[in-house]
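Participant: Pasting a structure below so you can have a look.
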């Protein structure tokens, strides 16, 4: 709860007026906007070397001699989508076990070798992929690639390390049950998606039961079934020789074959009709977390992806400058943090939601205020200045992200993983600039449905009778 004077605002007209007042000096006229013309044309596509092995593995290399470092970004399609439905958590356990020793070296020996040259190699898992990030000095890239190949191709999956990791994950799951944000999203996902959907979050009891049951044989079986070069994408950017990197890549992964099928097929969830509201009781918590949202049929390859991203950005991407932030946080003082999100629109349609943390006494007001902002946005659409601001911010942020090897590697990986084309980095400013207000307003009406929201309230709070959406 914000320690400031709270001003009661009623109705969409008042909400809109306060937002427009607050945005007064945020107009694109306040600074030179970023446009496709102002940031200049780039020609990364002609500088990116793309190679594909017979196994299907793809290598992208961009030479950047401006700094004596290298960043890499890689992935394999081996996320939770591919795990058996009766083994939730197996994909993540397998990904994290990669760093816990190979047939040649223990985890301490691997960590020591990387640390001795200041190199890093990190693994994580999401619904669809195991993602890998690495960085090192240019002279140490052969050692980093060799280590990556060893970890991916020769994991030992030692039983004692699996048991340690299981205990760590069990502790994290139990700790999460006292986190109101975690509890709110958990229940929200269960109400919006069916258990077969990759965005469904299993109950903590189910996850604990599954983790306890997972054996080394389960991990090894999932690895043998899902890991391989067929889905490997590796982007390398830095002070390197393209030919040298290609030779290293071919030697390291030329026979890393893997699964026959890596395709992902997820049907869009049915759009809910009517409003739903549920409370998750978490005792002895000072704050309450609220989520208002629904399933959103947005994928990364959707024709209206950029329009939808701009629509959400103006509504609630930033707590400090969005419509929701300016009204619910700044004007009414109901929260320190509020934001709206498309959760990882990627190879399948995921959720969209507004998330806000409030004092228990402000729950109903926060819901009312958020809904008033959302309904006005759906009714009236985006303003001309807002659209210009959001385009400028998106183009500017993307340009800044390309100033580092890590940012460039991520952009190249992103383009390959989502099949956007090697010229995606060059086209991005023009793609954003081409979005029209009509397209954004159509996306607003398509994805934001204020009368068909699922609302979850998590905290030490008893639902007030007659509250919004009840």
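Here, each number is a calculation from the coordinates, and none is a lab measurement. Quick caveat: nothing in here was measured; it's all calculated off a predicted structure. Note that each Cβ is placed from the backbone with ideal geometry, even for glycine, and that neighbours are counted across all protein chains shown.
Participant: Using only alpha carbon pairs under 8 Å that are at least six residues apart, calculate the relative contact order of segment 46-253 and give it in whole percent.
Facilitator: The normalised contact order for segment 46-253 reaches 39 percent.
Participant: Given the C-alpha centroids of segment 403-434 and segment 151-200, what is the distance between them in whole angstrom?
Facilitator: Between the Cα centre of segment 403-434 and that of segment 151-200, the gap is 31 Å.
Participant: Where both residues lie in segment 46-253, what percent of DSSP beta bridges are antiparallel, nearest 5?
Facilitator: 80 percent
Participant: Using only C-alpha positions, report the orientation-averaged shadow area of the convex hull of segment 268-383, nm², one decimal.
Facilitator: Spelled out: convex hull of the Cα atoms, projected over all directions, averaged, 8.0 nm².
Participant: Using only alpha carbons, build the gyration tensor for segment 46-253 and give me the equivalent ellipsoid semi-axes, biggest first, whole Å. Show your work: numbers first, answer last.
Facilitator: Working: eigenvalues 218, 72, 54 Å².
Sorted largest first and rounded, they come to 33, 19, 16 Å.
Participant: Could you tell me how many degrees, from 0 to 90 and to the nearest 10, lie between the Cα long axis of helix 384-401 and the main elongation axis, the longest principal axis, of the Cα atoms of the chain?
Facilitator: The answer is roughly 20 degrees.
Participant: Less than 18 Å from a label point 7 Å out along the Cα-to-Cβ axis of residue 260: which backbone N atoms in segment 208-234 qualify, by residue?
Facilitator: Only 222-231 fall inside the zone, counting backbone N under 18 Å.
Participant: For helix 242-253, report the angle its Cα long axis makes with the longest principal axis of the Cα atoms of the chain; keep it between 0 and 90° and round to the nearest 10°.
Facilitator: 80 degrees
Participant: Relative to the present Cα-Cα distance, how much length would full extension add between residue 242 and residue 320 at 0.36 nm per residue of separation?
Facilitator: Values: separation 78, 0.36 × 78 = 28.08 nm, distance 4.30 nm.
Working it through step by step, the gained length comes to 23.8 nm.
Participant: Here's a follow-up. Report, in whole Å, the centroid distance computed from the Cα atoms of segment 359-376 and segment 234-266.
Facilitator: 49 Å
Participant: Taking the DSSP beta bridges in the chain as the whole, what percent of them are antiparallel, to the nearest 5?
Facilitator: Taking every DSSP beta bridge within the chain, about 80 percent pair in antiparallel fashion.
Participant: Helix 159-176: angle to the longest alpha-carbon principal axis of the chain, degrees 0 to 90, nearest 10?
Facilitator: That helix lies at roughly 10 degrees to the long axis.
Participant: Quick one: which of 80-86, 96-102 comes out on top by average Cβ neighbours within 10 Å, and what's the full order, highest first?
Facilitator: Numbers: 80-86: 16.9, 96-102: 20.9.
Ranking the peptides 80-86, 96-102 by packing returns 96-102, 80-86.
Participant: According to a simple spin-label model (label point 7 Å from Cα along Cα-to-Cβ), what is the distance in nm between residue 452 and residue 104?
Facilitator: Output for this residue pair reads 5.5 nm.
Participant: Also, quick follow-up: By per-residue mean of other Cβ atoms within 10 Å, what is the highest-first order of 207-215, 56-64?
Facilitator: Numbers: 207-215: 16.2, 56-64: 21.1.
Sorting 207-215, 56-64 by mean packing, highest first, produces 56-64, 207-215.
Participant: Continuing with this model, one more query. Computed over the Cα atoms of the chain, what is the ratio Rg over Rh, Rh following Kirkwood?
Facilitator: 0.99
Participant: Moving on. Arrange 376, 268 by Cβ neighbour counts within 10 Å, fewest through most, would you?
Facilitator: Final ranking by Cβ density, sparse to dense: 268, 376.
Participant: Find how many whole Å separate the alpha carbon centroid of segment 268-312 from the alpha carbon centroid of segment 73-125.
Facilitator: Computed from Cα coordinates, the inter-centre distance equals 31 Å.
Participant: Next up: Can you order the peptides 112-119, 400-407, 65-72 by their average number of other Cβ atoms within 10 Å per residue, highest first?
Facilitator: Descending packing order for the listed peptides: 65-72, 400-407, 112-119.
Participant: Under the Kirkwood approximation applied to all pairs of distinct alpha-carbon atoms, what is the hydrodynamic radius of segment 204-309 in Å? Show your work: numbers first, answer last.
Facilitator: Details: mean 1/r = 0.0496 Å⁻¹.
Evaluated on segment 204-309, it is 20.2 Å.
Participant: Would you calculate, for the chain, the mean residue ellipticity at 222 nm contributed by helices, counting each DSSP H stretch of 4 or more residues as -39,500 (n - 2.57) and dividing by all residues, to the nearest 500?
Facilitator: Result for the chain: -12500 deg cm²/dmol, rounded to the nearest 500.
Participant: Between residue 45 and residue 115, what length comes free when the chain is fully extended (0.36 nm per residue of separation minus the Cα-Cα distance, one decimal in nm)?
Facilitator: Contour length minus Cα-Cα distance gives 21.8 nm.
Participant: Moving on to the next point. Run the numbers on the chain and let me know its relative contact order in percent, using alpha-carbon pairs under 8 Å that are six or more apart.
Facilitator: 25 percent
Participant: Find how much the distance from residue 124 to residue 205 grows on full extension, using 0.36 nm per residue of separation minus their present alpha carbon separation; answer in nm with one decimal.
Facilitator: On the way: separation 81, 0.36 × 81 = 29.16 nm, distance 2.29 nm.
Contour length minus Cα-Cα distance gives 26.9 nm.
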